[in-house]
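Every number in this text was worked out from the coordinates using simple rules, so none of it is lab data. It should be emphasised that the depicted structure is a prediction, and the values quoted were computed from it without experimental measurement. No Cβ is skipped: glycine too gets one built from the backbone with ideal geometry, and neighbour counts run over all protein chains shown.
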Amino acid sequence: MKIAAVIAAGGRGRRMNSTLSKQFLMLKGRPILYYTLSTFESLEEIGEIILVVGPSDIFLAEQEVLIPYCFKKVKLVEGGRERQDSVYNGLRSCSPQTDIVVIHDGVRPFVTKTMIKNSIEAAVKYRAVGVGVPVKDTIKVVDKGLIINTPARSTLWAIQTPQTFEYNLILRAHEEARKSGFYGTDDTVLVERLGYPVRMIEGAYENIKITTPEDMIVAEAFMNMGYGDFKR
Ligand SMILES: Nc1ccn([C@@H]2O[C@H](COP(=O)(O)OP(=O)(O)OP(=O)(O)O)[C@@H](O)[C@H]2O)c(=O)n1
Ligand SMILES: C[C@](O)(CO)[C@H](O)COP(=O)(O)O
């Protein structure tokens, strides 16, 4: 079975307030992206890794990540305006014989091999799966400063990545979304729109998406605690 990974790393990281795209910020002397790629590179199940970076970060990705750390499975692809465009570019760059694709945010470096393997196993069975965690806070739907709904917390999960799919299904879901001009903030929603059931399996609270400055402090602490499966 041919399994590919698409690593979404084409964003600007505006919420990080950094001139450097946040996926290239250093954590313990290495770029964040190094840690994410290292975990995927070390998984024998993953045949190829499509790394999607913004047009202005291609040279940086080569000089700061690919060359210094000699990743063998990584193929570099140019990202798009939105995350969905980047993932679509990545999907189109997978080899056509791909059976399963694992889509993961480059700024989630604490993903574990077990999480990735579990998502692959579930996708072989269910064709579409996301990892996530039950929310800890009570969530409110707010419109113009007014609370208009409080969904039952027992039904609410925060979805993370990896999100793993039968390749042809997610490619079709992206193509349908592009045709209708729909933009979502993750990939499972595109499959939901097709009316196809998507499974949720357990992620981990430490599988954080590094988004705002305080996440760097948390990430440093997680590093010190030994979280993550990357090569140290
Ligand atoms: N056009 C884009 C936008 C985002 N991403 C990637 O999708 C992941 C999750 O997105 P997010 O955390 O929102 O990253 P940014 O879009 O860079 O952050 P911001 O919204 O703060 O600008 C990141 O690894 C990011 O690099 C991408 O590949 N292409
Ligand atoms: C895909 C994702 O990580 C799931 O939680 C999230 O939706 C990405 O959102 P972002 O705004 O692109 O970071």
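Expressed as a whole number of Å, what is the distance separating the alpha-carbon centroids of region 158-232 and region 101-120?
About 8 Å separates the Cα centre of region 101-120 from the one of region 158-232.
Subtract the Cα-Cα distance of SER56 and ARG232 from 0.36 nm times their separation in residues, and report this length gain in nm to one decimal.
On the way: separation 176, 0.36 × 176 = 63.36 nm, distance 2.82 nm.
Gain on extension, SER56 to ARG232, equals 60.5 nm.
How would HIS104, HIS174 line up from fewest to most surrounding beta-carbon atoms within 10 angstrom? Could you put the intermediate results ahead of the total?
Details: HIS104 28, HIS174 22.
By the 10 Å Cβ count, ascending, the order reads HIS174, HIS104.
For the chain, with a Gaussian network of springs between Cα atoms less than 10 Å apart, report the residue from LYS22, LYS125, LYS73 with the top mean-square fluctuation.
In this elastic network of the chain, the residue with the biggest mean-square fluctuation among LYS22, LYS125, LYS73 is LYS125.
Among THR114, THR164, what is the fewest-to-most ranking by other Cβ atoms within 10 Å?
Numbers: THR114 11, THR164 33.
In order of increasing Cβ crowding within 10 Å: THR114, THR164.
Using the crude model of +1 on Lys and Arg Cβ and -1 on Asp and Glu Cβ, and no other charge, please compute the dipole size for the chain relative to its Cα centre, in debye to 20.
Details: 30 positive and 27 negative charges, 40 e Å.
Taking the Cα centre of the chain as origin, the dipole is about 200 debye.
Which ordering of CYS94, CYS70 is given by a fewest-first count of other beta-carbon atoms within 10 Å? Please report the intermediate quantities before stating the final value.
On the way: CYS94 21, CYS70 8.
Least to most surrounded, the residues fall as CYS70, CYS94.
How large is ³J(HN,Hα) for each residue in region 20-27, as worked out from phi by the Karplus curve 6.51 cos²θ - 1.76 cosθ + 1.60 (θ = phi - 60°), to whole Hz, x for Gly and Pro?
Those phi angles translate into 7, 4, 4, 5, 9, 5, 7, 10 Hz.
Which of the DSSP-defined H helices in the chain satisfy a minimum axial length of 30 Å, computed from C-alpha atoms, and a minimum mean Kyte-Doolittle hydropathy of 0.0?
On the way: long enough: none.
Counting only whole DSSP H runs, no helix qualifies.
At a Förster distance of 45 Å, what's the computed FRET efficiency of SER95 paired with ILE139, Cβ-Cβ distance as r, to 0.05?
Working: r = 40 Å, r/R0 = 0.89.
Here the calculated transfer efficiency is 0.65.
As a quick test, which of the pairs LYS28/LYS125; LYS113/LYS209; LYS72/LYS125; LYS136/LYS209; LYS73/LYS209; LYS73/LYS113 have an alpha carbon distance above 27 angstrom in this structure? Write down the numbers at each step before the final one.
On the way: LYS28/LYS125 38 Å; LYS113/LYS209 17 Å; LYS72/LYS125 29 Å; LYS136/LYS209 16 Å; LYS73/LYS209 23 Å; LYS73/LYS113 16 Å.
As for pairs spanning more than 27 Å Cα to Cα, those are LYS28/LYS125; LYS72/LYS125.
Tell me the relative contact order for the chain as a rounded percent, counting alpha carbon contacts under 8 Å between residues six or more apart. Don't jump to the answer; show the numbers that get you there.
Numbers: 437 pairs, mean separation 57.0, N = 232.
It rounds to 25 percent for the chain.
What does the helix-only formula give at 222 nm for the chain: each DSSP H stretch with n ≥ 4 adding -39500 (n - 2.57), the total divided by the residues, and the result rounded to the nearest 500 deg cm²/dmol?
Details: 7 runs with 70 residues, N = 232.
The helix-only estimate for the chain comes to -9000 deg cm²/dmol at 222 nm.
Which whole-Hz couplings ³J(HN,Hα) result when phi for each residue of region 5-15 is put into the Karplus expression 6.51 cos²θ - 1.76 cosθ + 1.60, θ = phi - 60°, listed in order with x for Gly and Pro?
Each residue of region 5-15 in turn: 10, 10, 9, 7, 9, x, x, 9, x, 4, 5 Hz.
Once amide H atoms are built 1.01 Å from N in the peptide plane, which residues 5 or more positions from ILE201, or in another chain, come under 5 Å H to H?
Placed amide hydrogens put GLY130, VAL131, GLY132 under 5 Å from ILE201.
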